[in-house]
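The values are calculated or read from the model by the stated rules, or taken from the named source; none is laboratory data. Note that the structure is predicted; figures quoted are calculated from it, not measured. Positions of Cβ are generated from backbone atoms using ideal geometry, with glycine treated the same way; all protein chains shown enter the neighbour counts. Note: accessible area is taken over every heavy atom of the protein model, side chains too, but ligands, DNA and RNA are not part of it. Shrake-Rupley method; radii C 1.70, N 1.55, O 1.52, S 1.80 Å.
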Amino acid sequence: MSNSYNKQLGDKGEEMAAVYLVQHGYTLLERNWRFKHWEVDIIAGKGNRLHFFEVKTRTSNRFGNPEESIGREKMNNLKNAAEQYQY
């Protein structure tokens, strides 16, 4: 698969996630928010809480489920980015 295809697939997945979140009462605050080398795909609010989303788009389970691709380092990066966003 080409990088262009992966980018298009990822963009489509993020758009689908954004639509889903709005339909479920979230307010989108940021998309692809960056700080240094960290990125958060979607930052949304609901009620009095902020939610930070990492979106993984897959066309099959050949390489595992999307949630299995978020390791310790990615989770730490997401946490650090969330802390910076709130700072």
If we keep just the residues of the stretch 48-60 that are closer than 19 Å to Leu78 by Cβ and of a type in the set (Val, Ile, Thr), which is least open to solvent (accessible area, probe 1.4 Å)? Val55
Checked Gly10, Gly45 against criteria (open to solvent by less than 40 Å² (accessible area, probe 1.4 Å), under 18 Å from Ala82 (Cα atoms) and out of contact with any helix residue (DSSP H, G or I) (no Cβ under 9 Å at 6 or more places or on another chain)); the one match is Gly45
Leu29 free of Cβ contacts under 8 Å to residues at least 24 places away in the same chain and surrounded by 12 or more Cβ atoms within 10 Å (Cβ to Cβ): yes
Result of the Cβ filter at 6 Å on the stretch 53-73, keeping first residues that are closer than 17 Å to Asp11 by Cα and partners that are among the basic types (Lys, Arg), at least 6 apart or interchain, is Pro66/Lys56; Pro66/Arg58
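Looking at Glu54, Glu73, Glu68, can you tell me which residue is under 13 Å from the mean Cα position of the chain (by Cα) and modelled with pLDDT under 95? Break it down stepwise before answering.
Working: Glu73 fails: under 13 Å from the mean Cα position of the chain (by Cα); Glu68 fails: under 13 Å from the mean Cα position of the chain (by Cα).
Step by step, each of Glu54, Glu73, Glu68 is checked, and only Glu54 is under 13 Å from the mean Cα position of the chain (by Cα) and modelled with pLDDT under 95.
Determine, yes or no, whether Leu21 is open to solvent by less than 90 Å² (accessible area, probe 1.4 Å), under 12 Å from the mean Cα position of the chain (by Cα) and in contact (Cβ under 8 Å) with a residue 40 or more places away in the chain.
no
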